[in-house]
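The values are calculated or read from the model by the stated rules, or taken from the named source; none is laboratory data. Since the structure is predicted, the reported quantities are computational estimates derived from the model, not experimental observations. Note that we place each Cβ from the backbone using ideal geometry, even for glycine, and neighbour counts take in every protein chain shown. Ligands, DNA and RNA are excluded from the accessible area calculation, which covers all protein heavy atoms including side chains. Shrake-Rupley method; radii C 1.70, N 1.55, O 1.52, S 1.80 Å.
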Amino acid sequence: QVQLVESGGGLVQPGGSLRLSCAASGNVFTINVMGWYRQAPGKQRELVAAIFRGGGTNYADSVKGRFTISRDNAENTVALQMNSLQPEDTAVYYCNIAWGRGAAWGQGTQVTVSS
């Protein structure tokens, strides 16, 4: 069984920064992709950023240049540094990992950008 524990969400003013972290534990051997998704009220869950085991990354157009995803393969952790946050970034952010034929989701962490 795989568990993902997220941390780092909260309330921030527009233009501010937050850093999200996610740690995977359990029966995980080789994680191929680690990523962050978000879901705003009334909207579908969308990919924010993903990072592959070799270091390649993929970002949603709306966050390019503002968010940076990173991972530690030895510790099975992934982080999302979010800068220049805007009200439209408000959502529940979910960590996701994929390996072989398996995948897992975190419980979600709320990010609210408001003055």
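At-a-glance table
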{"read-out": "Net charge dipole size for the stretch 3-115 [Lys, Arg +1 and Asp, Glu -1 on Cβ; Debye, nearest 20]", "value": "160 debye"}
{"read-out": "Whole-Hz ³J(HN,Hα) from phi, Karplus 6.51 cos²θ - 1.76 cosθ + 1.60, for the stretch 99-111, glycine and proline x", "value": "8, x, 9, x, 8, 8, 10, x, 7, x, 9, 7, 10"}
{"read-out": "Solvent accessible area, Å² - ASP89, 1.4 Å probe, full protein context", "value": "0 Å²"}
{"read-out": "Nearest-10 value in Å² for the accessible area of GLU88, using the 1.4 Å probe", "value": "130 Å²"}
{"read-out": "Reference-scaled alpha-carbon Rg (2.2 N^0.38 Å with N residues) for the chain", "value": "1.01"}
{"read-out": "Relative contact order for the chain, counting Cα pairs under 8 Å that sit 6 or more residues apart, in percent", "value": "37 percent"}
{"read-out": "Unit charges at the beta carbon, dipole of the stretch 24-115: most positive-side option, TYR93, GLN81, SER115", "value": "TYR93"}
{"read-out": "Rounded to 5, the percent of DSSP beta bridges in the chain classed as antiparallel", "value": "95 percent"}
{"read-out": "Largest-first ordering by accessible area, 1.4 Å probe, given options TRP105, TRP36, TRP99", "value": "TRP105, TRP99, TRP36"}
{"read-out": "Candidates ASN76, ASN27, ASN96: whichever shows maximal mean-square fluctuation once the chain is modelled as a Gaussian network with Cα springs under 10 Å", "value": "ASN27"}
